[in-house]
1. Under a Cβ-only charge scheme (Lys and Arg +1, Asp and Glu -1), can you give me the dipole magnitude of the chain about the Cα centre, in debye to the nearest 20?
2. Mind checking which lysines have their Cα closer than 25 Å to the Cα of Lys163? Skip sequence neighbours fewer than 8 apart in that chain.
3. Taking the simple approach of a point 7 Å from Cα along Cα-to-Cβ for both Arg162 and His402, what is their distance in nm?
4. Can you give the angle from 0 to 90° between the axis of helix 347-356 and the longest principal axis of the chain, with both taken from C-alpha atoms, to the nearest 10?
5. Quick check: the angle from helix 138-147's long axis to the longest principal axis of the chain, C-alpha only, nearest 10 degrees?
6. Please give the helix 294-303 orientation as an angle from the longest Cα principal axis of the chain, in degrees from 0 to 90, rounded to the nearest 10.
7. Points 7 angstrom from Cα along the Cβ direction at Glu548 and Asp382: gap in nanometres?
8. Go through Pro230, Thr314, Pro113 and say which Cα lies farthest out towards the positive end of the charge dipole of the chain; charges sit on Cβ, +1 for Lys and Arg, -1 for Asp and Glu.
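Please treat every number below as a calculation from the coordinates, not as lab data. Keep in mind that what you see is a predicted model, and the values were worked out from it rather than measured. Positions of Cβ are generated from backbone atoms using ideal geometry, with glycine treated the same way; all protein chains shown enter the neighbour counts.
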Amino acid sequence: MSRPLVIRKRAGDLRIKPNWTDYAAERAAFSWEAARAHLAGLPGGGLNIAHEAVDRHAADPRSGSRIALRFLGSGRDIDYRALAGLTNRFANVLAGLGVARGERVFTLLGRVPALYVSVLGSLKAGAVACPLFSAFGPEPVATRMGLGDARVLVTTADLYRRKVQPVRDRLPGLKHVLIVQETGDGMAAADGVHDFESLMAQSPRRYETAPTQAEDMALLHFTSGTTGTPKGAIHVHGAAVTHWATGRYALDLHPGDIYWCTADPGWVTGTSYGIIAPLLHGVTSVVDEGDFDAHNWYRILQDEDVSVWYTAPTAIRMLMKAGTELAKQYRFPALRFVASVGEPLNAEAVWWGEEALGLPVHDNWWQTETGGIMIANTPAFDIKPGSMGRPLPGIDACIVEHDAQGGVRIVDTPGKDGELALRRGWPSMFRGYLNNEERYRKCFDGDLYLTGDLARRDEDGYFWFVGRADDVIKSSGHLIGPFEVESALMEHPSVAEAGVIGKPDETAGEAVKAFVSLKSGWKASDELGLALLAHARKRLGAAVAPKEIDFLPALPRTRSGKIMRRLLKARELGLPEGDTSTLEGQAS
Ligand code: ATP
Ligand code: MG
């Protein structure tokens, strides 16, 4: 299908005045010091994420009674003042248990209030918060808690029994387990196991936030494990400055917004943008405890009057799979900004937004390591569907080439593929991989952070994702980015999702092989396979188009929603699958 290459921003498109409209002017005027001035800072100096996210609004008569978090499953609303009280209590709980500054507090919980209270309360206490995804099995739980030297774990009795007890003897540093919800079942009798609610009830509602400094460690986040064993990225309290700035520039948050981030805090998106950024802006976040369900998600967007929605390509592709007719059964008059992160967003998905929701999807790019959004489609400029957008104010991105001596060189020519790099200095940049200094050092060349992603920059300064360095295919002398091939396949009306790999080939070096899953109403057949190969050849040319295609009911993906091409490849070649701890659908 041929579509325009640009979606123009027109005045009035966004239903309210956007935070910014002049990209060049805002970038020129921006400084991180000026952004920092939008945060309050601690009364005695220093910076603490939870103080900025919660206490600042709780103390303000205009925002204290505003709903901070709305939990859809339990119907519980927590306003900023109540959240301040709860997080103070939790900080007091940690103090009572003798937890020291810098010690690690893990959570293994679904998206229930105790998760949010524990993370923010830990930050207040100067402890380091590390939320784990509750569907992890015992092995991923043990490796992450072991690596992070967990001192405290907040979880439920059921999750504890199934996922922690079997590996408990591997966690000698774990001193306290706080059990949420299911009380009175005898668990509190064991050593170091406490009932969360009673400790909270016994602890005072007042707490003076620990005098943390901007460089103090605040959060530990594990990467998605798409390319291998997950790495533990260390983040500091100063990251709040990036979270605030990106909430303004990339998510266009305004007071009064009802915001929904669909990511689980077990992934960095669910913390940076599911907890911190919306609270920094004093908006109301809705929290849906459940898994993806097309009907339910449309209902939430409609009934909760969601105005800003932050989701992922995988969710959008699943909604596309469910058909536009379903979307048409709902109305979204409050919705004014939709953004996506996690994987390349195919141009088709941007256009789908226009058709199904009435507004395009704004793709943005970042990583666990960057701590916040770096490159984005924003209200301030036109969208080129298929592009990640442009670097935000304060972010200096470039494309680099590696030379034979192991150094890198910045590529100035637009349109050339290379590794995406960022000039260090933004506040939410990770400060290390836990216990892996060498791997951390390898990410830098001088003052450039090398992202491991390949991209290209066009003449207008837009960045286009090509593929992860690990996923790029070398075929007959061509370097083929899987994203381009997958996007072409997705233009076919039958294709819901596509994953492309390189398969060893005697003549070409590697041959492109595609795996696709189909939209509802389509059936896999040899004819359809041939039609898809022909479509790709027409769009991409014979050198780049896949030579082979297989149909799968669904593609293997991480729990954070990323297609695991390395697994498609390992399975295709009959090789060991490697670390699959984050694979969705894994027994848990
Ligand atoms: P691991 O590092 O363990 O292999 P991961 O890189 O998937 O896992 P994350 O930090 O969650 O872990 O994901 C960041 C990566 O996701 C980016 O490096 C990039 O490859 C991909 N990504 C994120 N957003 C986008 C986007 N908008 N377009 C293209 N790719 C994206
Ligand atoms: Mg990564």
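1. Numbers: 66 positive and 71 negative charges, 116 e Å.
Rounded to the nearest 20 debye, it is 560 debye.
2. Once the sequence-local lysines are set aside, what remains near Lys163 is Lys175, Lys231, Lys562.
3. A separation of 4.1 nm, rounded to one decimal place.
4. 70 degrees
5. 70 degrees
6. Result, in degrees: 60.
7. Distance between the two pseudo-spin positions: 4.2 nm.
8. Toward the positive end, the furthest listed residue is Pro113.
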